[in-house]
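First up is the structure itself, then whatever we jot down about it.
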Amino acid sequence: MSAALLEVRDLALAYGDVQVLFGVSLRVDEGEIVTLLGSNGAGKTTTLRAISGLRLPRGGEIRFRGESLLSAPASKRAAMGIALVPEGRELWPQLTVRENLELGAYTRSARARARRNLERVFSLFPRLRERHAQFAGSLSGGEQQMCAIGRALMIEPKLLMLDEPSLGLAPILVDQTFQIVRTLHEQGLTVLLVEQNLQKALEVAKRGYVIETGTVKLSGSSPDLLADPAIRSAYLGL
Ligand SMILES: Nc1ncnc2c1ncn2[C@@H]1O[C@H](COP(=O)(O)OP(=O)(O)OP(=O)(O)O)[C@@H](O)[C@H]1O
Ligand SMILES: [Mg+2]
């Protein structure tokens, strides 16, 4: 059995008085692609925010390589190797592609290696190299997604968390995005993938968790989840 890279246990989180996570537990082992599935408002983004340190949980534990993250600010978690590609990309539209990527390298060690990593991102996404001087806001949806992923790669993450990377993309770009996830995984990255595109997500991931109203309702291997009657009727309309 491989070592847990990320372990989330009994995570509880509220926005003000409104509790939205009620004991989320999941684990991602080194070298895996794991998917976190669920419908709108289930708490997927909130879970990723808690892991990256953008929101403080009110209970539970988050461990990365066995070490508790709860007292570490977001910047420290980034330096430890946790990167988030946020829902909706959140690029700086008025900055160029290159500037967006360079700003991704905001930890000290990433800054020192920014040139090399920029080169890696450009060789992974030749389209971004071509468009490096263009404002990010004027990129196509697919190019923006590449830029958002590239920006996350600038900290040389061990764990890449992607929040609905396929959202709003045309089918061919959806396939391209999942292909990118596969390539990054082959290059050694561990991936936690949040998706509403259950079918595609379970094709690329080894295992998955299904979250509903702030708790994990189901988990299992991708083939098992795809065969589950409850999932087939609730999420695949079958
Ligand atoms: N900043 C916030 N302030 C208050 N409530 C919030 C905030 N962000 C999210 N919520 C609420 O928390 C719940 C979980 O939201 P979250 O964004 O985590 O869901 P999600 O699973 O990512 O959904 P989606 O698939 O639509 O992105 C929702 O009820 C949402 O309205
Ligand atoms: Mg979300």
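Values as computed for the structure displayed
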read-out	value
Segments classed as strands (runs of 3 or more DSSP E), wholly inside segment 14-115, with at least 1 members that are open to solvent by 40 Å² or more (accessible area, probe 1.4 Å)	18-29, 59-64, 82-85
Any pair with Cβ under 8 angstrom, 6 or more apart, that starts in segment 149-162 at a residue that is at positive phi and ends at one that is surrounded by fewer than 22 Cβ atoms within 10 Å (Cβ to Cβ) and part of a loop (DSSP other than H, G, I, E, B)	Glu156/Gly81; Glu156/Arg113
Positions within segment 153-175 being open to solvent by 20 Å² or more (accessible area, probe 1.4 Å), under 25 Å from Asp29 (Cα atoms) and either within 16 Å of ligand 1 (Cβ to nearest atom) or not in a loop (DSSP other than H, G, I, E, B) (or both), in sequence order	Leu153, Asp175
Given (1) assigned to a helix (DSSP H, G or I); (2) surrounded by fewer than 23 Cβ atoms within 10 Å (Cβ to Cβ); (3) at pLDDT 95 or above, index of the condition Gln179 fails	(3)
Residue within segment 121-134 that is farther than 21 Å from Asp163 by Cα, among the hydrophobic types (A, V, I, L, M, F, W, C) and assigned to a helix (DSSP H, G or I) present	yes
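The values are calculated or read from the model by the stated rules, or taken from the named source; none is laboratory data. Bear in mind the structure is a predicted one, so any value in this text is a computation, not a measurement. So basically every Cβ, Gly included, is an ideal-geometry build from the backbone, and we count neighbours across all protein chains shown. What goes into the accessible areas is simple: the full protein's heavy atoms, side chains included, and nothing from ligands, DNA or RNA. Shrake-Rupley method; radii C 1.70, N 1.55, O 1.52, S 1.80 Å.
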